[in-house]
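Undergrad: Structure below; questions to follow.
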Amino acid sequence: MAKGNTFYITTPIYYVNDVPHIGHAYTTVAADVLARYWRLRGHEVFFLTGLDEHGQKVQQAATKAGIDPQVHCDQLAPQFETLWKKLNISNNAFIRTTDPQHKSIVQRYLQQLYDKGLIYKDSYTGWYCTFDERFWTEKDVEAGLCPDCKRPIEQLSEHNYFFKMGQYQEQLLDHIRTHSTFIKPESRRNEVLGFLQTQKLGDLSISRPKSRLSWGIELPFDKAYVTYVWFDALVNYMSALEYLPREKPVGARFWPATVHLVGKDILTTHAVYWSTMLMALNLPLPETIFAHGWWTVDGEKMSKSRGNVVDPNTMVERFGADAFRYFLLREVPFGQDGDFSQAAMITRVNSDLANGLGNLLSRTLTLIERTQAGQVPTPGTIGPAEQELQRATMTLLHESLPRPLEQLEFNRALEAILQVVQLANQYVDKTAPWALAKHEADAEQLRTVLYTMAETLRCLSLATYPVMPTSAQSLCAQLGISVDFTDSLLKDKIEWGGLKPGTAIHKSQSLFPRIESKPGAKPVTESSVPSQPMPAAPAPTAAPAPPAAPQITIDEFMKIQLKTAIVLSAERVPKSEKLIKLQVSLGTEQRQIVAGIGKKYEPDVLVGKTIVIVANLKPAKLMGIESQGMVLAAGDADVRGLLTILEEVDPGTKVK
Ligand code: MSP
C-alpha cells in the first residue's frame, strides 16, 4: 500500500462547531495505527489531521455563543489537540483552515481554475430556509416546509461561482474502473460507480455571497464572495504539505496521498469533488480513499439531543488510551457500522487484554521472579510445543499481522495477535512451569519454557505497538529490555531469540487491570465481605452444639460446581489485612478470585498451587474488586489451611 518509501495518511479535518466525540477519535486512532505501523516498517510517514474552521456551522456556533468565529475556533481547537495527546496520536502536523498560509494556497488554486475557465458565475435558484440559512433541493422539501426546522421556506435566486465538475464525469469513472483500490471498501466503490454510471454529474457551487456567509475565504477574483466549505476544506490535504512540515520541501515527495481516511457520509465529497478538483488542477489522485462506518451508541444513533454522545476523554480516563484504541479497532470491521456500549468495551478488555495478554505477562514475570531470581533464563533444547509457538509468533510478525493491517482490516490483525496470545497461554497451561519448578530434574525444561514465554512476549510487543503503544513500551520495560519504537523495527525480518538470557526483569503493575463489570455498582466494603473462604464444619467444642445445618439433597449439592484451579499470581488487596487477589487458571479460562486468606498466607507461597474453587458462584465485589468464584479452605473465622489436591491434576478438573 505504501508507495516508494513514503506514506502519507490523512484524517478528515473536523468541524469546530462542537467538542470531539467518538467518531472523530475513531478515524484519528485508525490513522495513527497505520502511521505507527509504517514507521516501524521503515517508511517516511506524514500523518496529517486538523480542523475545518470556516463555514456556516462554525459561524452559527460562534453566533450562538456570542463570540467572534475566530475566538470560537481558538477556544475549541485545544480540545482536539489535547484529546489527541491523551490518545497518543502521533500526527506530524495539525492544520487549521484559518491558517493564513492555507488561505492563500486556496486562493491560488481558485485563481488557477478561474484563469483556465473552469470556474464561472451563474445564477442559482432553489428553496431557501432563512432560519437555517441554507438551500434545499426540490426533493428535500415537503409541503413548502424546511425539512430541518419545519419553518416555511421560499424560492430564492442567487448568483454564485461554479466549478465545472460535470465535465470530468467520464475521466473519473475511468479512473475508478482502472484503479481497484482507489475507493475502499469494495461496497463503497460500487456505490460511487453506480451513482456515476446512472446520474449526470452537475457542476459544483463553490461560493456564497458574503452577505449570507462571511466566515470563509474570499474569492481572489470577486471580493463579494467567499469560497464554500468543501473547496476550502479539501485543499487542506495539499496545502498542509506546502507549509507545515518542518523539513521543506516535502510536498512533492508525499503527494499523492497514500490514504485519505473518511467516514461514509463524506465519501462523495472526497471521491467525486476532490478527485475532479485534482483533475482540473492536473494533480495526481490519492491512492486510496477509505470510507469507514459509523458508531451507534447502545443501539441508538449518537446525538446531542439524545444525550448519548460518547466523550473520548471519559473513555480514556476510565479505561486507558490503549484499551479504548484497542476496542475501537477490534470490535467492528473497519468499513462497517458498529455499536458502542461500555458493557461491550468491558467484556472485550477483560477477555482479550486482562485475561489474555496481561495475564501472559504477569504469569511469565512471576515465574521468572520466583524460579530464576528475576533473570531471563537460558533456554535448553526445544521440543514440538516450543516450535509451534515460535512458528506462530514469527508468522504473526511476518504475515498474519502485516497482511490485514495493510488492507486496513484492523480487527483481523488484532485477532491474529490474540490467537498467538491464546496459544502462548495454552502452552503455559500445558507445560505447567510451576510443576516443573518442583523437581530439579526439570530445571532445563523450566528454563526453556520461561524463555519461550518471555521471547514470545517481546515479539508481541512489536505486534501490539501500533495499536497500544504505551502498553507495548511497558511490556518491554517489565521484560527488562529497552526498545526504541521510533526505529524501523519491522523493516527487516525478525529473528527469534532477540531477548538476551540474563536480562533482569522489572515486574511492575499489571498491564491491563480487570475492569469491574458494573460501573454503577456499590462497592462492597471489607466489613460486609461474606466470610471467605467457605466455612467448614463447626469445630468440636464443649459448648452446646450449634443447631445442625439443614440437610440438603444430592441434587442441591450437585448445583455447586467445584473445580481445581492453578494459582497464576497473587497479590494483597491494598488496605486489607485479610484479602488476597488471585488470578487462577481453570485450563480453558482464567478467573480473578478475591479470598480472605491473607492472615494465613503470604501471596508468594500460593503461586503455582492447585486449589479448589466454587466455580459457579455469582461474581461479587470485595472492596470494590470483582471476585469470580470462591476458594475452599478449612477453618471458620480463622483460616486453617487451603484445600489442595494430593495428586497432580489438570486445572479445571471437576471436584465432587
Ligand atoms: N469538516 C468535514 C470534513 C472535511 S474533510 C476535508 C466534516 N467534519 S465532521 O467533524 O462533521 O466529521 C468528521 C468525521 O467524523 C467524518 O468522517 C464523519 O464520518 C465522522 N463521524 C461523525 N459521526 C460519526 C459516528 N457516529 N461514527 C463514526 N464516525 C462519525 O465532515
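The values are calculated or read from the model by the stated rules, or taken from the named source; none is laboratory data. Keep in mind it's a predicted model, so treat the numbers as computed, not measured. Cβ coordinates were reconstructed from backbone atoms using ideal geometry, including for glycine residues, and neighbour counts include every protein chain displayed. Side chains included, ligands, DNA and RNA excluded: accessible areas come from the protein's heavy atoms. Shrake-Rupley method; radii C 1.70, N 1.55, O 1.52, S 1.80 Å.
Undergrad: Can you give the angle from 0 to 90° between the axis of helix 359-371 and the longest principal axis of the chain, with both taken from C-alpha atoms, to the nearest 10?
TA: On a 0 to 90 degree scale, this one is about 40.
Undergrad: So, one more: When only C-alpha pairs under 8 Å and at least 6 residues apart count, what is the relative contact order of the stretch 355-479, in percent?
TA: Values: 122 pairs, mean separation 45.4, N = 125.
Here the relative contact order equals 36 percent.
Undergrad: Determine the relative contact order of the chain: mean sequence separation of Cα pairs under 8 Å and six or more apart, normalised by residue count, in whole percent. Could the numbers behind the result be given before it?
TA: Values: 1112 pairs, mean separation 76.8, N = 656.
It rounds to 12 percent for the chain.
Undergrad: So, one more: Of 361, 243, 405, which is farthest towards the positive pole of the chain's charge dipole, taken about the Cα centre with +1 and -1 on the beta-carbons of Lys, Arg and Asp, Glu respectively?
TA: 361
Undergrad: To the nearest 0.05, what FRET efficiency results for residue 186 and residue 142 with a Förster distance of 30 Å applied to their C-beta separation? It would help to have the intermediate numbers written out before the result.
TA: Details: r = 35 Å, r/R0 = 1.16.
Once the sixth-power term is evaluated, E becomes 0.30.
Undergrad: Would you mind checking the pairs 164/304; 150/304; 609/656; 581/654; 85/493; 139/184 and listing those with alpha carbons more than 27 angstrom apart? List each step's numbers first, then the result.
TA: Values: 164/304 37 Å; 150/304 19 Å; 609/656 19 Å; 581/654 23 Å; 85/493 31 Å; 139/184 29 Å.
Among 164/304; 150/304; 609/656; 581/654; 85/493; 139/184, the Cα-Cα distance tops 27 Å for 164/304; 85/493; 139/184.
Undergrad: Enumerate the amide H contacts of residue 6 below 5 Å, restricted to partners 5 or more residues apart or on another chain; note that Pro and chain-start residues carry no placed amide H.
TA: 44
Undergrad: Given the DSSP H assignment, sum -39500 (n - 2.57) over each helix run of at least 4 residues in the chain and divide by its residue total; what's the result at 222 nm in deg cm²/dmol, nearest 500?
TA: Working: 22 runs with 234 residues, N = 656.
My calculation for the chain gives -10500 deg cm²/dmol from helical runs alone.
Undergrad: Give the carbon-plus-sulfur fraction of the accessible surface of the stretch 355-479 in %, rounded to a whole number; probe 1.4 Å, heavy atoms of protein chains only. Don't skip to the end; give the middle numbers.
TA: On the way: 2050 of 4340 Å².
Carbon-and-sulfur percentage of accessible area, whole number: 47.
Undergrad: Dimensions of the chain along principal axes (Cα, Å, largest first)?
TA: Over the chain, Cα extents along the principal axes are 104, 58, 43 Å.
Undergrad: Over the stretch 6-292, calculate the relative contact order: mean separation of alpha carbon pairs under 8 Å at least 6 apart, over the residue count, as a percent. Walk me through the numbers on the way to the answer.
TA: Values: 455 pairs, mean separation 63.9, N = 287.
Dividing the mean separation by the residue count of the stretch 6-292 yields 22 percent.
Undergrad: Related question: Calculate the dipole size of the stretch 6-292 relative to its Cα centre from +1 charges on Lys and Arg beta carbons and -1 charges on Asp and Glu beta carbons; express the result in debye to the nearest 20. Please report the intermediate quantities before stating the final value.
TA: Working: 30 positive and 31 negative charges, 120 e Å.
Computed about the Cα centre, the dipole is about 580 debye.
Undergrad: Rounded to the nearest 0.05, what FRET efficiency do residue 344 and residue 406 give with R0 = 25 Å and r taken as the Cβ-Cβ distance? Could you check? Numbers along the way, then the final one.
TA: Details: r = 27 Å, r/R0 = 1.08.
The formula returns an efficiency of 0.40 here.
Undergrad: What size of dipole, in debye to the nearest 20, comes out for the chain about its Cα centre when the only charges are +1 on Lys and Arg C-beta atoms and -1 on Asp and Glu C-beta atoms?
TA: On the way: 69 positive and 71 negative charges, 123 e Å.
I would put it at about 600 debye.
Undergrad: While we're looking at this one, here's another question. Cα axis of helix 169-178 to longest principal axis of the chain: angle in degrees, 0 to 90, nearest 10?
TA: Here the helix axis deviates by roughly 30 degrees.
Undergrad: If I stretch the segment between residue 369 and residue 19 completely, what's the gain in nm (0.36 nm per residue apart, minus their alpha carbon distance), one decimal?
TA: On the way: separation 350, 0.36 × 350 = 126.00 nm, distance 4.66 nm.
Length gained, residue 369 through residue 19: 121.3 nm.
Undergrad: Can you give the charge dipole size of the stretch 355-479 about its Cα centre, rounded to the nearest 20 debye, using +1 on the beta carbon of Lys and Arg and -1 on the beta carbon of Asp and Glu?
TA: Working: 9 positive and 12 negative charges, 34 e Å.
Dipole size: approximately 160 debye.
Undergrad: Name the residue farthest towards the positive end of the dipole of the chain from the options 272, 91, 437, assuming +1 on Cβ of Lys and Arg, -1 on Cβ of Asp and Glu, about the Cα centre.
TA: 437
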